[in-house]
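FYI, it's all coordinate maths here, none of it is from the lab. For clarity, every value in this text was computed on a predicted model and none was experimentally measured. Positions of Cβ are backbone-derived with ideal geometry, glycine not excepted, and every protein chain shown enters the neighbour counts.
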Amino acid sequence: MSSKLFTPGKIGSMELGNRLIRSATQDPFGQKDGTVAPEQIEIHADLAKSGVPLIISAYAYVSPEGRATNIQVGFCDEAHYESQKKIVEAVHENGGKIVLQLHHAGINTFIKKNEFPMAPSGDMEAPNGSTSREMTIEDMDHICGAYVKAATKAKEIGFDGIQLHGAHGYLFNQFMDPNFNKREDEFGGNAENRFRFPKRVAQAVMDAVGADYPVLVKINSNCAGDANEKYGEDLLYFCREYEKLGITAIELSGYNFIAMGKKEAHNYYIERAKKLKSELNIPIIFVGGVRTQEDIQEVMDADIDFIALSRPFICEPNLVEVFKANEASKCLSCSKCFILWEREGRRCVTHEKPNA
Ligand SMILES: Cc1cc2nc3c(=O)[nH]c(=O)nc-3n(C[C@H](O)[C@H](O)[C@H](O)COP(=O)(O)O)c2cc1C
């Protein structure tokens with residue numbers, strides 16, 4: 001077992017008993033109105049009870065047009081705040097900490113009635129079957145305001161911090177990724193321009209919640225196609241800018257974040273994570289394909305600060321114990337939990353019973 005994994009660590013003001021984090025994970029229980037269901041309170045309480053010191057909540061939309069799926073929870077009205085507060089209380093009662101992941105889907109809304117989803121660039125094919133509408137400055141103001149309101153409320157109701165979801169093809173990422181962002185104004189083109197909108201939102205949020213409140217970000221370490229090599233340099237720029245702003249920690253993911261069907265793949269983004277770690281001082285959270293003790297060792301040997309996991313916590317809710325016993329997770333990264341999310345329970349479908 002890596003000697004560092006079970007040592008305490010800090011993310012801003014959050015003191016954490018070990019280096020494990022539950023990465024943001026949507027589950028199938030979110031209700032049509034975006035409120036939290038009793039099953040979700042139970043999932044989070046159990047995770048905290050199991051000894052995972054920090055849970056990053058499922059992504060929550062900050063504005064209705066930015067909702068990704070019909071089961072996504074929201075964080076933009078009183079009913080949402082009241083229901084999310086129950087998760088906060090359940091986690092705190094069980095000795096854990098919880099960060100709320102804030103999100104806007106941009107073009108990647110699957111909600112049919114949102115006919116022309118807004119996105120950095122127009123006329124792009126959208127998953128809901130229509131095409132995107134290019135965002136105006138007013139749209140940007142609206143979304144920035146929605147993030148500020150959500151972050152302020154998250155702090156007020158007791159979340160230990162927030163995470164801005166800047167990965168996985170959603171709005172922030174659409175601005176940063178040249179495959180999505182074809183703008184010709186000051187929000188498109190070079191890395192500085194493509195980062196302008198995410199930076200503006202991050203700055204506004206941080207001004208609103210104050211310097212001591214943890215504001216984390218999740219970012220893609222790569223992008224699809226030929227642009228990927230250049231994106232590696234841009235990534236360093238984005239992360240340096242986040243560091244300069246005073247962001248509390250960066251979680252490093254990627255566009256192919258569940259390496260669907262590639263069960264043999266491990267530690268997907270380790271090379272770019274090592275590079276970032278050598279260039280930055282901000283805490284780095286590594287996510288993607290950590291399963292074995294060797295995987296853990298590789299991340300910790302690179303001096304990366306924290307390890308976040310998603311599917312292994314679905315497969316084995318007692319994962320902390322598993323790693324403490326120097327064992328590997330049984331999760332095969334089959335990703336059936338991801339594919340079946342709207343049709344079946346968000347339990348592991350390969351190992352029918354949790355921990356079997
Ligand atoms: C069922 C499921 C739901 C997910 N929901 C979210 C989410 O709400 N927000 C997010 O940033 N990532 C989400 N992810 C991605 C994970 O946080 C993580 O980045 C990815 O699964 C790789 O980690 P793993 O190999 O430990 O599963 C989800 C993944 C799965 C499998």
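Lone cysteines in the chain, defined as no other cysteine's Cβ under 4.7 Å from theirs: which are they?
C76, C144, C223, C239, C334, C337
Could you pull out the trypsin sites (Lys or Arg not before Pro) across the range 69-134 that fall in loop regions by DSSP (anything but H, G, I, E, B) with no more than 13 other Cβ atoms inside 10 Å?
Values: sites: K85, K86, K97, K112, K113, R133; in loops: K112, K113.
Passing sites in the range 69-134 are K112, K113.
Under the Karplus relation 6.51 cos²θ - 1.76 cosθ + 1.60, θ = phi - 60°, what is the ordered set of whole-Hz ³J(HN,Hα) values for the range 165-179, x standing for Gly and Pro?
7, x, 10, 6, x, 8, 3, 4, 5, 4, 5, 6, 8, x, 5
With a cap of 15 neighbouring Cβ atoms within 10 Å, and only residues DSSP puts in a loop, list the GluC sites (Glu not before Pro) found in the range 192-287.
Here the GluC sites (Glu not before Pro) that fit, given the DSSP loop and packing criteria, are E264.
Test of understanding: in a Gaussian network model of the chain with alpha carbons linked when under 10 Å, which of I296, I219, I284 would top the mean-square fluctuation ranking?
Maximum among the listed residues: I296.
Farthest toward the dipole's positive end in the chain, which of T292, G106, F257, given Cβ charges of +1 (Lys, Arg) and -1 (Asp, Glu) about the Cα centre?
Highest projection toward the positive end goes to T292.
Normalised by the empirical 2.2 N^0.38 Å for globular proteins, what value does the Cα Rg of the chain take?
Numbers: Rg = 18.8 Å, N = 356, 2.2 N^0.38 = 20.5 Å.
Dividing the Cα radius of gyration by 2.2 N^0.38 Å gives 0.92.
Filter the trypsin sites (Lys or Arg not before Pro) in the range 208-294 to those in DSSP coil with at most 16 other Cβ atoms within 10 Å of their Cβ, and list the result. Write out the running numbers ahead of the final one.
Details: sites: K218, K230, R240, K244, K262, K263, R272, K274, K275, K277, R291; in loops: K262, K263, R291.
Taking the range 208-294 and a limit of 16 other Cβ atoms within 10 Å, the loop trypsin sites (Lys or Arg not before Pro) found are K262, K263.
Tell me whether the range 138-275 comes out rounded, prolate or oblate; compute the Cα gyration tensor, take square roots of the eigenvalues as a ≥ b ≥ c, and use a/c under 1.5 as the rounded threshold.
Oblate is the answer for the range 138-275, as a/c is 1.5 or above yet b/c matches or exceeds a/b.
Explain nothing, just the number: relative contact order of the chain, from Cα pairs under 8 Å at least 6 residues apart, as a whole percent.
16 percent
If one computes the Cα centroid of the range 165-222 and of the range 69-112, what distance in Å separates the two points?
Comparing the Cα centres of the range 165-222 and the range 69-112, I get a distance of 20 Å.
Relative to the Cα centre, what is the charge dipole magnitude of the range 118-241, using +1 at the beta carbon of each Lys and Arg, -1 at the beta carbon of each Asp and Glu, and rounding to the nearest 20 debye?
Numbers: 13 positive and 20 negative charges, 68 e Å.
Roughly 320 debye for the range 118-241.
Counting each DSSP H run of 4 or more residues in the chain as -39500 (n - 2.57), what helix-only mean residue ellipticity at 222 nm follows after dividing by all residues, to the nearest 500 deg cm²/dmol? Spell out each step's value before the answer.
Details: 12 runs with 125 residues, N = 356.
Helices in the chain give a 222 nm mean residue ellipticity of -10500 deg cm²/dmol.
Let's see if you can work this out: charge +1 on each Lys and Arg Cβ, -1 on each Asp and Glu Cβ, no other charges. What is the dipole magnitude of the chain about its Cα centre, in debye to the nearest 20?
Working: 41 positive and 50 negative charges, 124 e Å.
So the dipole magnitude of the chain works out to roughly 600 debye.
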